[in-house]
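The values are calculated or read from the model by the stated rules, or taken from the named source; none is laboratory data. Because the structure is predicted, anything quoted here is derived from the model rather than measured. Glycine gets a Cβ as well: all are built from the backbone with ideal geometry, and neighbour counts include every protein chain shown. Quick note on the areas: whole protein, heavy atoms, side chains included, nothing else; ligands and nucleic acids left out. Shrake-Rupley method; radii C 1.70, N 1.55, O 1.52, S 1.80 Å.
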Amino acid sequence: MKLRLDATRCQGYGLCQEPAPNLIDLDEWGYAAVVADPVPGASEDAARAAAEACPNSALRWER
């Protein structure tokens, strides 16, 4: 499973990092970067929660 980030949709809210701090880094302006690819099995719930937390659907959880 993978988290995919559409950087053009990211608005820098940083909400995605709260449920998955080990999977997502934020730059100095709050824009996301996925750091774990593929997502470790133990972190799948956190990755799903991160994708759901994004108000602009910039993160997608896919197989």
Open item on the list: Just to check I understand the Karplus step: with θ = phi - 60° and J = 6.51 cos²θ - 1.76 cosθ + 1.60, what whole-Hz values come out for region 58-63, glycine and proline as x?
Closed with: 6, 9, 10, 9, 9, 8
- [ ] First select every other residue whose beta carbon is under 9 angstrom from the beta carbon of Glu62; then total the charges, Lys and Arg +1, Asp and Glu -1.
- [x] +4
Task: Net length gained if the chain between Ser57 and Val35 were fully extended (0.36 nm per residue, minus Cα distance) - done: 6.1 nm
- [ ] Pop out the carbon and sulfur fraction of the accessible area of the chain as a percent, whole number, probe 1.4 Å.
- [x] 46 percent
- [ ] Restrict the search to region 1-62; then list the chymotrypsin sites (Phe, Trp or Tyr not before Pro) that DSSP places in a loop and that have at most 13 other Cβ atoms within 10 Å of their Cβ.
- [x] Trp29
Task: Listed residues Gly12, Gly30, Gly41, most fluctuating in the chain (Gaussian network, C-alpha, under 10 Å) - done: Gly41
Open item on the list: As a test of understanding, state the convex hull volume per residue of the chain from its alpha carbons, in Å³.
Closed with: 65 Å³
- [ ] Compute the accessible area per residue over region 21-63, keeping the other protein chains in place, probe 1.4 Å, unit Å².
- [x] 62 Å²
